[in-house]
Amino acid sequence: MIGREAERSRIDGLLEAARRGRTQCIVLAGEPGIGKTALLDDVCAGAAGMRVLRATSVESESALPYSGLHALLRPLLNLLTTLEEPQQRALRTALALADGDEPDLLAVNAGALSLLAEAASEQSLLVVVDDAHWLDAPSADALGFAVRRMQAEEVAFLFALRSEERSEFDRGFDRIVLGPLTRPRARELLELRREHVPPAAVERLLDLAAGNPLALLELPLAFATLDATDTATAPAELRRAFAERLDSLSGESRLALLLAAADPDAATVLRAAESLGLSREALSAPEAAGLLHIEPAGLVFRHPLVRSLSYADADPADRRAAHAALAAALGDDADRDRRAWHLAAAASGPDDALAALLEDTADRAAARGGHAAAGRALERAARLSEDAQARSRRLTRAARSFFWAGEVDRGAALTEEALAVTSDPVLRADALAEHASIRGTQVTALPEQRLLAALEEVEAVDPDRATRLLFLPVAWRSSALDVRGAIALTDRLERVARRAGPWWRPRGLANVAEVYLMAGDGARFSTLFEEVAGDERVVAAFAPSLIWSERYDEARLALEATLQTGRAAGNLMQVIWNQSCLADLELRLGRLRQARLAAAESISVGEAHEATLWVAGAQSVLAEVQAWQGDDADCRATAGAALAAARESGSAVIEFACRRALGLLAVGLGRTEDAVDELADAARRWWQSSFREPSVVGFVPDLAEAYAHAGDTDEARLWLGRFADCAEQAERRWALAAVARVGGILAPADAFDAAFERSLELLDGSPLALERARTQLAFGERMRRAGRRREARAQLRAAHAAFAAVDAAPWTERAAAELRATGETVGPRTVDREARLTPQELQIARLAADGRTNREIAAQLYLSPKTIEYHLANAYRKLEIHSRVELARVLDA
């Protein structure tokens, strides 16, 4: 290699790290011809002692789900039987090695990760993908998943892609951008050309190539005579050079190259060439011209530019003929999807039979988790549909597939097109509902009026679609704090939901009930919710409403039951949602350890599944746990990540939860001004809205307390009074207790007892241990300042014990300081060793303490066994132990 010493040094470090058990990844990016493939060749040749897995992505296969992963993992398929059965089954289905129902994408990704980890346990592994920007989306997702979750395996990942192309690997990966060679190194490379370069042409070629290695080796000498004012770039000149070579070929050779460019399989190309009457020698001239290599593994183009030019510059009629011949050469059922795509490319007009064939292809792609591929097949099927209604239906399906694949804008555009081609009210309702669901994930104007207009057309004849159409604007208005606007639609939603089927009826009624709860009408909420309370799935889906209304036991029963069934069925979305809700429930009950564990699983699995908003909900809970425990930096980082997602989605509920965490952190650390800064704007936003459920704005008492400690008693009483009105209307015991507690803080020196005693009375028998401890701390502080030290000690001891039990460090220290001020001796705080662990370390340690093996933990958490081993080693070190027996004892203490 000439001029790539620095890049090779970095990559050598990547390989050495893998040999030492540290997984890393580097992305090579650069313009065409800059030397990415040559550098990969050099690295693979020098990867001493490592097993190399290498694949080159092909544009024509980017529509086939998992084609790239299959090409890469094919040498490892003998290790499939070593995987956990669910992962093995999912991976076999995804790679088309076995028939089956739609595999869980997370199980597929975890299976690919486990397969790579298993191979690396035998020998250090180098995983190389060239032209990674052309990887099919599911393969790229699986590889990105593996890279992000491997930490301690002997695996190195190296991906090469064009810098101007978008890919899965654009963010979060170390990157080497290959720039042009320096002038001296370019001159050195130029001397390696096969033909002699006259001295007079050297400088001009160096100028034209601009440091591009392929240009230095491939530009014809004739280009050196071009006008020096020509400003064409090296890639442009390369395209022109290769195009001239293509133009020099016979028509037969051009057609043979076109076949090779349209399909990567050599046997298929040769069969198609024979059917077109082309001789085997038709490829000899391109090979002699240096455009193509015929190898045992297949047909290899000199450079991707040659492949793209061979296809793009061909006559359209020749392209159709080539695809038709390739389709005819693919007669087996195993190749039916490739055949369908070739037939689609050969079509010159509408063809309903072919559209149906492509729709079948889309179904198979979706069943293997290839939603982007399914979207492309459905979109092409729609273009080939003669019937407008079939076209609209397929466009809406395509939109949904693209949305699931993360291509939000493309999905939204297709729903607009689906609306434009049909007047059928049912199809329009489907397209509009899909459009609204897609746009609802973005910060954009939502087409509410169009939904309501479509509702008029289907309300009388299709209550299921009508319920779905109304469900969306009701949910949007509620999440934006416009409860009054949501209430305006609830009567209508309730009417259509009562006529709907078994899926939408209970969900529509539960949505109506939740709106009434947000409006402060607890009686109507309870009446409606009782109608759906027998369906655990619906109760779990609306568990936040039960938690807000203090029906904690009902929420737990539904969440734990559906969590168990979700795990058994491999429904990871159920796991993510339920654990997020359970984390919130445990937090409210003051069970910080359990809240941290549930939130950790929701976050780790949710991030893998890209359930951004649910992850943000779990992060808001984790941030409040960190606030209680005084983890300043962690709390701010966690809340910041959740706030970003909440703002993007417009979820005021999650935003308020984040504000509560940040406000609690400031109050606990005695930063009253910071607490006011964090909470005042959110409180004003709440009060200006029609949202009145106090459990969603539990930060308002903290704001009043911060104002009280800052000496601004007028503002404290103003906000406390507003919150008290909502608490009384909703009859929330915890909220009324919080009002009484802050009332005690604000009361005169001779009249605070009644308020604190009222707070403790409301919390008597309540599971809200930390709320009670806060009241006891505030009560003890006021007693101590009033000179009633003996009475104060009883309250302060109880508060100190409750805070210490959950390692709520700032609150424990505050209670200890007050106790010392009463004359009582308090020993140093005993730090809960478990609190030293990160959420992931704690989650892994808990599973290990329960007797799970590393492999079982890895399968449950979608990590590799060595990554589990790595985190367990960290946990042992932090806990100062050496065995699982000790681990179980420490965690159960």
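The values are calculated or read from the model by the stated rules, or taken from the named source; none is laboratory data. Just so you know, these numbers come straight off a predicted model, no measurement behind them. Glycine gets a Cβ as well: all are built from the backbone with ideal geometry, and neighbour counts include every protein chain shown.
Considering only residues that are among the acidic types (D, E) and in a helix (DSSP H, G or I), look in the stretch 867-888 and name the one that is nearest to R852 (Cα to Cα). Looking at the filtered set, the residue picked out is E869.
Taken together, the residues in the stretch 144-175 that are polar (S, T, N, Q) and either within 13 Å of R22 (Cβ to Cβ) or in the same structural domain as P865 (by TED's automatic domain parsing) (or both) amount to 1. Taking the condition of being assigned to a helix (DSSP H, G or I) and either more than 21 Å from the chain's Cα centre (by Cα) or not assigned by TED's automatic domain parsing to the domain that holds F699 (or both), how many residues in the stretch 585-611 meet it? Number of matching residues: 8. Looking at L517, L455, L528, just one residue is within 24 Å of I654 (Cβ to Cβ) and touching a helix residue (DSSP H, G or I) at 6+ places or on another chain (Cβ under 6 Å), and that residue is L517.
Restricting attention to the stretch 355-372 and to residues that are under 16 Å from R336 (Cα atoms) and in contact with a Leu (Cβ under 6 Å, 6 or more places away or on another chain), the residue that is surrounded by the most Cβ atoms within 10 Å (Cβ to Cβ) turns out to be A362.
Yes or no, residue by residue, for (1) among the small types (G, A, S); (2) assigned to a helix (DSSP H, G or I); (3) modelled with pLDDT of 95 or more:
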residue: M1; (1), (2), (3): no, no, no
residue: A29; (1), (2), (3): yes, no, no
residue: P32; (1), (2), (3): no, no, no
residue: A55; (1), (2), (3): yes, no, no
residue: T81; (1), (2), (3): no, yes, no
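In this structure, A460 does not satisfy being under 28 Å from A374 (Cα atoms) and touching a helix residue (DSSP H, G or I) at 6+ places or on another chain (Cβ under 9 Å).
Going by what's in this entry, would T562 be described as of a type in the set (S, T, N, Q) and more than 28 Å from the chain's Cα centre (by Cα)? No, not satisfied. Residues in the stretch 773-815 that are polar (S, T, N, Q) and either over 18 Å from H709 (Cβ atoms) or surrounded by fewer than 17 Cβ atoms within 10 Å (Cβ to Cβ) (or both): Q795, T812. In the stretch 831-854, the residue that is modelled with the lowest pLDDT out of those that are more than 22 Å from Q579 (Cβ to Cβ) and touching a helix residue (DSSP H, G or I) at 6+ places or on another chain (Cβ under 7 Å) is R833.
Summed over the stretch 400-420, the residues that are surrounded by 19 or more Cβ atoms within 10 Å (Cβ to Cβ) and β-branched (V, I, T) give a count of 1. Checked against (1) outside the structural domain of V885 (by TED's automatic domain parsing); (2) among the aliphatic types (A, V, I, L, M); (3) surrounded by 20 or more Cβ atoms within 10 Å (Cβ to Cβ), V826 passes all but a single condition, namely (3).
Residues being charged (D, E, K, R), free of Cβ contacts under 8 Å to residues at least 60 places away in the same chain and crowded, with 16+ Cβ neighbours inside 10 Å are entirely absent from the stretch 479-488.
In the set (1) of a type in the set (S, T, N, Q); (2) without any contact (Cβ under 8 Å) to a residue 40 or more places away in the chain; (3) crowded, with 22+ Cβ neighbours inside 10 Å, T268 fails one condition alone, (2). Taking the stretch 274-296 as the range and being part of a loop (DSSP other than H, G, I, E, B) and either more than 15 Å from D263 (Cβ to Cβ) or free of Cβ contacts under 8 Å to residues at least 24 places away in the same chain (or both) as the test, the residues that pass are G277, S279, A289, G290, L291, P296. Could you tell me which residue of the stretch 745-772 is nearest to the chain's Cα centre (by Cα), considering only residues that are among the small types (G, A, S) and crowded, with 21+ Cβ neighbours inside 10 Å? The extreme case among them is S759. Inspect all residues belonging to the stretch 800-814 and state whether any of them is part of a loop (DSSP other than H, G, I, E, B), hydroxyl-bearing (S, T, Y) and at negative phi. No, every residue in the stretch 800-814 fails to be part of a loop (DSSP other than H, G, I, E, B), hydroxyl-bearing (S, T, Y) and at negative phi.
Residues that are out of contact with any helix residue (DSSP H, G or I) (no Cβ under 8 Å at 6 or more places or on another chain) and either over 15 Å from P213 (Cα atoms) or touching a residue at least 12 places away in the same chain (Cβ under 8 Å) (or both) were ranked within the stretch 1-17; the one that is surrounded by the most Cβ atoms within 10 Å (Cβ to Cβ) is L14. Among the residues making up the stretch 15-27, those that are hydrophobic (A, V, I, L, M, F, W, C) and either part of a loop (DSSP other than H, G, I, E, B) or in contact with a Ser or Thr (Cβ under 9 Å, 6 or more places away or on another chain) (or both) are L15, A17, A18, V27. Considering V625, V615, the condition of being under 20 Å from the mean Cα position of the chain (by Cα), crowded, with 18+ Cβ neighbours inside 10 Å and β-branched (V, I, T) is satisfied by V615 alone. When the stretch 694-714 is limited to residues that are farther than 19 Å from A740 by Cβ and of a type outside the set (V, I, T), the one that is surrounded by the fewest Cβ atoms within 10 Å (Cβ to Cβ) turns out to be D714.
Residue check: R280 meets all listed conditions (1) loosely packed, with under 14 Cβ neighbours inside 10 Å; (2) on the phi > 0 side of the Ramachandran plot but one, namely (2).
Residues that are surrounded by fewer than 18 Cβ atoms within 10 Å (Cβ to Cβ), in contact (Cβ under 8 Å) with a residue 24 or more places away in the chain and outside any helix (DSSP H, G or I) within the stretch 181-196 comprise T182, L192, R193, E195, listed in sequence order.
Among (1) of a type in the set (D, E, K, R); (2) within 28 Å of G33 (Cβ to Cβ); (3) at pLDDT 85 or above; (4) touching an Asp or Glu at 6+ places or on another chain (Cβ under 8 Å), there is one condition R307 misses while meeting the rest; what is its number? Evaluating R307 over (1) of a type in the set (D, E, K, R); (2) within 28 Å of G33 (Cβ to Cβ); (3) at pLDDT 85 or above; (4) touching an Asp or Glu at 6+ places or on another chain (Cβ under 8 Å) leaves (3) as the failure.
In the set (1) among the polar types (S, T, N, Q); (2) farther than 24 Å from R685 by Cα; (3) crowded, with 21+ Cβ neighbours inside 10 Å; (4) more than 23 Å from the chain's Cα centre (by Cα), the condition left unmet by S545 is number (2).
Just one of the listed residues (L559, L587) is within 18 Å of D631 (Cβ to Cβ) and without any contact (Cβ under 8 Å) to a residue 60 or more places away in the chain, namely L587.
Yes/no per residue for (1) surrounded by fewer than 23 Cβ atoms within 10 Å (Cβ to Cβ); (2) farther than 30 Å from P180 by Cα:
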| residue | (1), (2) |
| --- | --- |
| G21 | yes, yes |
| G33 | no, no |
| T56 | yes, no |
| T81 | yes, yes |
| R92 | yes, yes |
| A110 | no, yes |
| S114 | no, yes |
| S121 | yes, yes |
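Of the listed requirements (1) farther than 15 Å from V696 by Cα; (2) touching a helix residue (DSSP H, G or I) at 6+ places or on another chain (Cβ under 9 Å), Q564 misses just one: (2).
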